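Report on one structure; see the data block that follows.
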Amino acid sequence: MSETRRRDPRKEWIARNRLHPRHLEALTELGRRAGQGAVSAWLGPHGLMRKNPRAVGFMGPNGVKRIDRSGVQQGAGGGGATKSIAQSKPLVEIASPAFLVAVVPDMPGGRLSQHDRDLLGLARRLADAAPDARGAVLAVVFGGYARQGEGELKEHGFGEAGVDRLLTLDDTRYDGVAPEARRGALLAVDDAWAPRHWLLPDSKLGGADLGRRLAVRLGERPATGVWQVMAAPDAPLGWQCTARGAAATLDIQRPLPRITLALEECAEPADDERHAAQALSLPQALPSPISRIEDLGQVAVDPAGVALAEAEFILSAGNGVTDWEGFHVAAETLGATEGASRVAVDDGFMSRDRQVGATGTWVTARVYVAVGISGAIQHLQGIQSCDKVVAINMDPGCDMIKRADLAVIGDSAEVLGALMARVKQQREEKRDAA
Amino acid sequence: MQPETDIDASLEITVLVSVGRHPITGRARRADQDARAVELARGVSGAEVRLLHAGGQAAESEAALRDYLGMGFDALTLVEQPEGADVLGALAEAFDASPAQLVIGGERAEQGEGSGLLPYLLAERLGWPVVSGLAAVEGVEDGVATLLQALPRGQRRRLRVRLPAIVTVDGAAPAPRQSAYGPARRGHLNAVVGSVTRDEEWVSWATQPARKRPKRLKVVKAASARDRFKAAAAKAEGGGGQVLTEVSAEEGAEAILALLKAEGVLR
Ligand SMILES: Cc1cc2nc3c(=O)[nH]c(=O)nc-3n(C[C@H](O)[C@H](O)[C@H](O)COP(=O)(O)OP(=O)(O)OC[C@H]3O[C@@H](n4cnc5c(N)ncnc54)[C@H](O)[C@@H]3O)c2cc1C
């Protein structure tokens, strides 16, 4: 685009005349020259902005014209090419932080849980309190389980959750229950960077245990069950906290210590900036500790005995299940807890306590496999907080497919049968290898 | 302790018991988790179980402590401590005086700070390993205990730990038996004096009955009216899931299996 603006009065005239055969062509050209992708507005002959209201908007999926006034889409674009929201957030890099706030998220299943996000939100509050001396948030993440097939981290949202520095420690010695090895690693982090604050989730998933171990070894008296943090200039670290005590019947007001074990919803998760999540590594290798606790592995529990609301893995049946015998066998082989849609319950194939949905149980499974369930809104409500949804259905247009992370279009009995065959084959291979 | 059973008992278990507080009436009672710890200890075969409490001997707490005696004990050792004392030192001394191989306690006290730190502090002081959240003690053999730890979502994990060790019980541990009135009346509270450390910090903190926590509101941070409308009216949609159409059942099964494996739910 040249610096001097040249006007073509004839083109402008054509552009104003909707009935001119070259009207659209002229509009496009004018619009392009004005430097926008839009042709809905241009500079008129007298220096006035002219608008063509008919060129505004785009054709929606149902053939109806839609106008988007959010500023994301402009003019008669085909729609679609919206910038992802993640990228539109400003990227914040804290090159030389004044101090560090270390967070050790639980990462159940290799992803940040809501509790972890709240904690990172709290960490951001502590780090950003003084705008001229911002601290950096360091996340310490354990375990190879946090990675997918090619070694890529399962969680991509560290930066958006407010993490400036990311330390991933994946060694088999941290897998399973290894509180002593993990504490050893955290002590090394403390040695290397001396964070001003340590934040851990006060949760059964491991944070509560690890945090107490760390505090005891560092000789600090941690605040446990913290649910509120307020600025307090006269406290040693500049913060005051409210912690739950005495089996959650007491609120304790105390200055915030160096180690904090916080409850869920202790702060709003950070989400208006994108942080760098720059990878770090420990300056020296860790000595391998002698662990006095030996992990013999997880014990198979009867999945039917696990309450539906807290089951981790649910295989759910709907009206599309034809082979009920096969379905029960599949649930047992996979070690999944059984769920059902209302139709399957009403028809008497499943018991009432297995119903998932608005009038049944609201489930929190990490993996929910819906077999022959159409995805009525009452059912989808019940699986809102599920992480990964897999659908097996005949109908590619049903709502469950839209919700699902992986959908297989096919007959439920056939797909389940094939799945069973594969699982059994793999288990036999493993047994032969062992 | 009963000297006559000392001969055949191979394992000495000490259960740390505290005075609980009923969540609704606020009356002193046996603490739920501690009672579970006692029940767990009773279930270990060939063990001699001792009860240990550090605290005051007020009438109300005595009634609560007698509830533990009613679970089938003749005596309970009571290390006398004033209100608001840090009991760590006194407990550690008690263990120096009469060693135990396995110490079982609840996860958190129902009164006071209830931070759940005591087992960890005691373990650090004694140099023992600590394991939290047990559902069962499966057995003790040659000084090694096999434990069943309760994980969230109803899962269990088997651990092995060399004794002496400190363990805490989870709510998933077996429910405690009823306390029988007669034995509870007849049992003895053997008071011993312990050294006293004042908990200065605790005294300096302000406490009040727990306030109800504000419910988190669903705040939609949207730049435009359109985004706000979409957030309010949107159906739950995963968005961008992978759809496999016209694949054979085997290929579909393969894809599902890969996802289940990646999520780690298949064992
Ligand atoms: C007040 C109210 C409350 C409700 N509460 C609940 C609730 O809590 N929970 C609940 O689940 N429902 C609830 N419902 C019912 C809900 O609206 C739906 O009717 C129900 O969820 C549909 O169940 P479905 O998906 O199993 O059956 P359908 O809608 O019949 O869907 C069957 C699906 O299976 C597929 N299919 C058919 N054959 C095969 C095959 N061979 N292989 C693979 N796929 C196949 C079909 O394509 C279809 O998608 C409620 C309804 C009302 C009015």
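With the requirement that a residue be surrounded by 15 or more Cβ atoms within 10 Å (Cβ to Cβ) and within 8 Å of the ligand (Cβ to nearest atom), what does segment A:382-396 give you? If you could, list the steps in order and put the result at the bottom.
Just the residues of segment A:382-396 that are surrounded by 15 or more Cβ atoms within 10 Å (Cβ to Cβ), to begin with: A:382-383, A:386-393.
Answer for segment A:382-396, where residues must be surrounded by 15 or more Cβ atoms within 10 Å (Cβ to Cβ) and within 8 Å of the ligand (Cβ to nearest atom): A:G382, A:I392, A:N393.
Mind listing just one residue for me: the one in segment A:267-306 that is facing chain B (nearest Cβ under 10 Å) and among the hydrophobic types (A, V, I, L, M, F, W, C) and, of those, surrounded by the fewest Cβ atoms within 10 Å (Cβ to Cβ)?
A:A300
Condition first: closer than 18 Å to A:S341 by Cβ and facing chain B (nearest Cβ under 7 Å). Now tell me which residues in segment A:383-410 satisfy that. Step through it out loud before you land on a result.
Here is the first cut: in segment A:383-410, the residues closer than 18 Å to A:S341 by Cβ are A:383-386, A:389-395, A:397-404, A:407-408.
Listed by number, the residues that qualify are A:Q384, A:V389, A:V390, A:I401, A:K402, A:R403, A:A404, A:A407, A:V408.
Go through segment A:226-303 and tell me which strands (runs of 3 or more DSSP E), entirely inside it, have 3 or more residues that are free of Cβ contacts under 8 Å to residues at least 24 places away in the same chain. Break it down stepwise before answering.
Values: elements: A:239-245, A:250-255, A:259-262, A:278-280, A:293-299.
Counting at least 3 such residues, we get A:239-245, A:250-255, A:293-299.
Considering (1) more than 14 Å from every other protein chain (Cβ to nearest Cβ); (2) in contact (Cβ under 8 Å) with a residue 24 or more places away in the chain; (3) over 30 Å from A:R213 (Cβ atoms), say which one A:W362 fails and leave the rest.
The failed condition is (1).
Filter segment B:237-263 for residues that are surrounded by 15 or more Cβ atoms within 10 Å (Cβ to Cβ) and part of a loop (DSSP other than H, G, I, E, B); which is modelled with the lowest pLDDT?
Here the residue is B:G238.
Would you call A:G357 near the ligand (Cβ under 9 Å from one of its atoms), crowded, with 24+ Cβ neighbours inside 10 Å and assigned by TED's automatic domain parsing to the domain that holds A:S341?
Details: near the ligand (Cβ under 9 Å from one of its atoms): yes; crowded, with 24+ Cβ neighbours inside 10 Å: no; assigned by TED's automatic domain parsing to the domain that holds A:S341: yes.
Against the criterion (near the ligand (Cβ under 9 Å from one of its atoms), crowded, with 24+ Cβ neighbours inside 10 Å and assigned by TED's automatic domain parsing to the domain that holds A:S341), A:G357 does not qualify.
Looking at A:R342, A:R352 in this structure, which one is of a type in the set (K, R), within 12 Å of the ligand (Cβ to nearest atom) and surrounded by fewer than 20 Cβ atoms within 10 Å (Cβ to Cβ)?
On the way: A:R342 fails: surrounded by fewer than 20 Cβ atoms within 10 Å (Cβ to Cβ).
Sole residue among the options that is of a type in the set (K, R), within 12 Å of the ligand (Cβ to nearest atom) and surrounded by fewer than 20 Cβ atoms within 10 Å (Cβ to Cβ): A:R352.
Can you pull out every residue in segment A:197-256 that is within 27 Å of the chain's Cα centre (by Cα), more than 9 Å from chain B (Cβ to nearest Cβ) and aromatic (F, W, Y)?
Residue satisfying the conditions is A:W198 alone.
Identify, by number, the condition in (1) surrounded by 17 or more Cβ atoms within 10 Å (Cβ to Cβ); (2) over 22 Å from the mean Cα position of the chain (by Cα); (3) more than 7 Å from the ligand (Cβ to nearest atom) that A:G320 doesn't meet.
Just one mismatch for A:G320, condition (3).
Table: residues versus (1) farther than 20 Å from B:V243 by Cβ; (2) more than 9 Å from the ligand (Cβ to nearest atom); (3) in contact (Cβ under 8 Å) with a residue 24 or more places away in the chain.
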{"position": "A:G372", "(1), (2), (3)": "no, no, yes"}
{"position": "A:Q378", "(1), (2), (3)": "yes, no, yes"}
{"position": "A:C398", "(1), (2), (3)": "no, no, yes"}
{"position": "A:I409", "(1), (2), (3)": "no, no, no"}
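Go through segment B:22-52 and give me each residue that's buried (at least 21 other Cβ atoms within 10 Å of the Cβ), basic (K, R) and farther than 22 Å from B:A191 by Cα.
B:R36
Filter segment A:327-337 for residues that are within 14 Å of chain B (Cβ to nearest Cβ) and buried (at least 16 other Cβ atoms within 10 Å of the Cβ); which is nearest to the ligand (Cβ to nearest atom)? It would help to see each step written out before you state the result.
Within segment A:327-337, the first condition is being within 14 Å of chain B (Cβ to nearest Cβ), and the residues that meet it are A:330-337.
Then drop every residue that is not buried (at least 16 other Cβ atoms within 10 Å of the Cβ), which leaves A:330-331, A:333-337.
On the way: A:A330: 13, A:A331: 16, A:T333: 19, A:L334: 17, A:G335: 22, A:A336: 17, A:T337: 16 Å.
Out of the qualifying residues, it is A:A330.
Could you tell me whether B:L148 is within 23 Å of B:P23 (Cβ to Cβ), touching a Leu at 6+ places or on another chain (Cβ under 9 Å), assigned to a strand (DSSP E or B) and not small (G, A, S)?
On the way: within 23 Å of B:P23 (Cβ to Cβ): no; touching a Leu at 6+ places or on another chain (Cβ under 9 Å): yes; assigned to a strand (DSSP E or B): yes; not small (G, A, S): yes.
Spelling it out, it is not the case that B:L148 is within 23 Å of B:P23 (Cβ to Cβ), touching a Leu at 6+ places or on another chain (Cβ under 9 Å), assigned to a strand (DSSP E or B) and not small (G, A, S).
The values are calculated or read from the model by the stated rules, or taken from the named source; none is laboratory data. In this text the structure is predicted, and so the values were computed from the model without any measurement. When we count neighbours, we look across all protein chains shown, and the Cβ atoms used for this are built from the backbone with ideal geometry, even at glycine.
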